[in-house]
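Novice: Have a look at this one before I ask anything.
The values are calculated or read from the model by the stated rules, or taken from the named source; none is laboratory data. What you see is a predicted model; the values in this text were computed from it and never measured. A quick note on method: Cβ atoms are made from the backbone with ideal geometry, for glycine too, and the neighbour counts reach across all protein chains shown. For accessibility, only protein heavy atoms count, side chains too; no ligands or nucleic acids. Shrake-Rupley method; radii C 1.70, N 1.55, O 1.52, S 1.80 Å.
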Amino acid sequence: MAAELPPEILTEILSRLPVISLLRFRSTSKSFKSLIDSNKFINLHLRNSPNQSLILRFKFDIYQIKIDDDFSDPDTSMLLFPHNHPFTGNSTNIDPFKGNNTITLIGSCNGLLAMSHGVIAFTHPNAPNEITIWNPNTRKHRIIPFLPLPIPNILQSDNPNRGCLCVHGFGFDSVSGDYKLLRISNLLDLQNPFYDPHVRLFSLKTNSWKVIPNLPYSLYYALTMGVFVENSSSLHWVATRKVQLFQPDLILAFNLTLETFNEVPLPDEIEEEVNSKSFKIRVAALGGCLCMIVDYKDTKIDVWVMKEYGCRESWCKLFTVVKSSFDLPLQSLRLLGYSSDRKKVLLRVDVENLFWYDLESKQVSYVQEILNLDDTMICVGSLVPPYFPVDNRRKQENPTSESEKRDDFLSGGFKLRL
C-alpha cells in the first residue's frame with residue numbers, strides 16, 4: 001500500500017501519526033528510518049501532529065496522560081503511563097527522604113521537557129543539582145553540564161543565615177534554531193532583601209554557558225519557573241523593579257534571540273489598578289500566546305490573552321471565573337491548554353484538581369481524579385532530539401547503556417563564555 005502512494009502523500013500521512021506509531025514504522029525498513037530521522041520530517045511532524053499529553057509529577061515519579069484526538073473529552077480517553085525518566089535510579093548522592101530536594105518540571109517546548117533533580121535551597125556552590133532535557137515520547141535525553149553557583153560555602157561563612165534559590169526557564173530561539181536554558185540564582189539574606197541575582201544562559205547548540213548582565217528586577221514568585229511563549233521566543237515571570245520600595249508588579253520577559261530582558265506592557269485597565277494591590281497576577285501560555293491571570297482574592301479570576309505579542313492594545317479578556325462556582329475555596333488557578341476545538345480551556349485548580357472551562361457556556365466541569373499531583377504541564381508529541389549536532393545522533397543509535405551515554409557526553413567538557 002505504501003509503495004503505491006506518491007512519496008509526498010505518504011510523508012504527509014506519516015507526519016500526522018503519533019510518535020509511538022512512527023517509532024514502529026522506523027524499525028520496519030531503511031527507507032522509513034531515513035525519512036523519519038530526517039530534520040525535514042521531524043519539523044513537518046512537529047507542525048502537523050495534534051497529539052498532546054499531560055506530564056504529571058508526584059514526588060519522584062513522572063507520569064504521562066495521553067489524550068486522544070478528541071482532546072475535549074479526557075474523562076473517557078485518558079490512559080496513565082508511568083515513565084522511567086532520566087533520573088530514575090539516579091546514582092547521585094541526593095537523599096530522597098530529605099525535604100530540601102525534589103524533581104522539578106522546568107518547562108516544555110516542542111516536545112522536549114526540561115527537568116531538574118536536586119536540592120531546592122543551595123548552601124554550597126557545588127550543591128547537588130542535575131538538569132536534563134528529555135523527550136518523553138522517544139525516551140532520549142541529554143544531561144546539561146553542571147555550572148557551579150556564584151556563591152560562597154554559606155555554612156562555613158560568617159553569615160550562615162543565607163541561602164541561594166534558583167529558577168530556570170526553557171524555550172526555543174526560532175532565529176538561531178537553538179534551545180536555551182536560562183538560570184537565575186538569588187542569594188537570599190534576611191538582613192538584605194534587595195539581593196543581586198546572577199543570570200546564566202545555556203545553549204544546546206554550542207554546549208556552553210554564557211553570562212547575562214545582572215537584571216534590576218526582583219522575581220515576585222521566588223520558585224516559579226519561566227513561562228515560554230512561542231510567538232515571542234521569550235520567557236516570562238512576574239517581577240518588580242528594585243529601584244524603590246513597594247514597586248508595582250509587572251511582567252518581565254527574557255528574549256532568547258536578543259538575550260535581553262524587557263518589560264511587557266499591561267492592559268490599560270490593569271495598569272491603572274496595579275498600584276492598588278487589590279489583586280495578584282501570574283503569567284501563562286495558551287495557544288502560543290502570552291496570558292495573564294488576575295486573581296481578585298475572594299471574588300473572581302480574570303484571564304487575559306495578548307493576541308499580538310508586545311502590543312498593549314491586543315490584550316483582551318478571554319474569560320472570568322467566579323470563585324463561588326467551585327465547591328471548594330479556590331486558592332490558585334493555572335492554565336494548561338486548549339481543547340482540540342479551542343472551545344474549552346484545561347485548568348489546574350489548587351494544585352491537584354483539573355477542570356475544563358467551556359468558553360461558550362461559561363461553565364466549569366471537573367475532570368475525573370487521576371492521582372495526587374505535585375506539578376503538571378502539557379507536552380506535545382514530537383520526534384525532536386535533545387541534542388546538537390548531527391554527529392551525536394549516530395551515537396544514540398549505538399547499543400550503549402544510558403550511563404555510558406552520559407559519561408561520553410560529560411567527558412567532552414563544556415565552555416563558559418564571558
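Novice: Would you check if there is a residue in segment 51-61 being in the same structural domain as residue 285 (by the TED database), at positive phi, within 18 Å of the chain's Cα centre (by Cα) and modelled with pLDDT of 80 or more?
Specialist: Checked segment 51-61: at least one residue is in the same structural domain as residue 285 (by the TED database), at positive phi, within 18 Å of the chain's Cα centre (by Cα) and modelled with pLDDT of 80 or more.
Novice: Output the number of residues of segment 353-366 satisfying the condition of being surrounded by 13 or more Cβ atoms within 10 Å (Cβ to Cβ) and part of a loop (DSSP other than H, G, I, E, B).
Specialist: 1
Novice: In this structure, is residue 235 of a type outside the set (Asp, Glu), at negative phi and in a strand (DSSP E or B)?
Specialist: The answer is yes for residue 235.
Novice: Can you tell me which residue in segment 12-50 is most open to solvent (accessible area, probe 1.4 Å), limited to those that are in contact (Cβ under 8 Å) with a residue 40 or more places away in the chain and aliphatic (A, V, I, L, M)?
Specialist: 20
Novice: Would you tally the residues in segment 297-333 being under 23 Å from the mean Cα position of the chain (by Cα) and modelled with pLDDT under 90?
Specialist: Counting residues in segment 297-333 that are under 23 Å from the mean Cα position of the chain (by Cα) and modelled with pLDDT under 90 gives 3.
Novice: Those residues that are touching a residue at least 60 places away in the same chain (Cβ under 8 Å) and among the basic types (Lys, Arg), I need them from segment 275-293; list them, please.
Specialist: 282
Novice: Among the numbered conditions (1) at pLDDT below 80; (2) farther than 18 Å from residue 109 by Cα; (3) touching a Lys or Arg at 6+ places or on another chain (Cβ under 8 Å); (4) loosely packed, with under 14 Cβ neighbours inside 10 Å, tell me where residue 78 comes up short.
Specialist: (4)
Novice: For segment 117-142, which residues satisfy the criterion of being buried (at least 19 other Cβ atoms within 10 Å of the Cβ) and modelled with pLDDT of 90 or more?
Specialist: If the condition is that a residue be buried (at least 19 other Cβ atoms within 10 Å of the Cβ) and modelled with pLDDT of 90 or more, then 131, 132, 133, 134, 135, 136, 137, 138, 140, 141, 142 are the ones that fit.
Novice: For segment 242-260, indicate whether the set of residues that are more than 22 Å from residue 173 (Cα to Cα), polar (S, T, N, Q) and in a loop (DSSP other than H, G, I, E, B) is non-empty.
Specialist: Looking for residues that are more than 22 Å from residue 173 (Cα to Cα), polar (S, T, N, Q) and in a loop (DSSP other than H, G, I, E, B), one finds at least one in segment 242-260, hence yes.
Novice: I would also like to ask the following. Check whether at least one residue in segment 339-352 is open to solvent by 30 Å² or more (accessible area, probe 1.4 Å), at pLDDT 85 or above, assigned to a loop (DSSP other than H, G, I, E, B) and more than 20 Å from residue 50 (Cβ to Cβ), and report yes or no.
Specialist: no
Novice: Given the conditions (1) under 29 Å from residue 18 (Cβ atoms); (2) among the charged types (D, E, K, R); (3) at pLDDT below 80; (4) in the same structural domain as residue 265 (by the TED database), and given that residue 374 satisfies all but one, which numbered condition is not satisfied?
Specialist: Single failed check for residue 374: (3).
Novice: Quick test of your reading of the structure: residue 84 fulfils all but one of (1) at pLDDT 70 or above; (2) surrounded by 15 or more Cβ atoms within 10 Å (Cβ to Cβ); (3) out of contact with any strand residue (DSSP E or B) (no Cβ under 6 Å at 6 or more places or on another chain). Name the failing condition by number.
Specialist: The failed condition is (2).
Novice: Same structure, new question: Using beta carbons and a limit of 6 Å, which pairs, at least six apart or on different chains, have the first residue in segment 250-272 and within 20 Å of residue 216 (Cβ to Cβ) and assigned by the TED database to the domain that holds residue 200 and the second one open to solvent by 40 Å² or more (accessible area, probe 1.4 Å) and assigned to a strand (DSSP E or B)?
Specialist: From segment 250-272, the pairs are 250/263; 253/262; 254/261.
Novice: Could you tell me whether any residue of segment 214-235 is open to solvent by 20 Å² or more (accessible area, probe 1.4 Å), over 14 Å from residue 107 (Cβ atoms), in contact with a Pro (Cβ under 7 Å, 6 or more places away or on another chain) and in the same structural domain as residue 265 (by the TED database)?
Specialist: Yes, because at least one residue in segment 214-235 is open to solvent by 20 Å² or more (accessible area, probe 1.4 Å), over 14 Å from residue 107 (Cβ atoms), in contact with a Pro (Cβ under 7 Å, 6 or more places away or on another chain) and in the same structural domain as residue 265 (by the TED database).
Novice: Still on this structure, please answer the following. Inspect segment 261-275 for any residue being surrounded by 15 or more Cβ atoms within 10 Å (Cβ to Cβ), touching an Asp or Glu at 6+ places or on another chain (Cβ under 6 Å) and either modelled with pLDDT of 90 or more or within 23 Å of residue 105 (Cα to Cα) (or both) and give the result as yes or no.
Specialist: No, that holds for no residue.
Novice: Let me ask something additional. Please go through segment 276-290 and pick out each residue that is open to solvent by 10 Å² or more (accessible area, probe 1.4 Å) and modelled with pLDDT of 80 or more.
Specialist: Once the filter is applied, which keeps residues that are open to solvent by 10 Å² or more (accessible area, probe 1.4 Å) and modelled with pLDDT of 80 or more, segment 276-290 yields 278, 279, 280, 282, 283, 285, 287, 288, 289.
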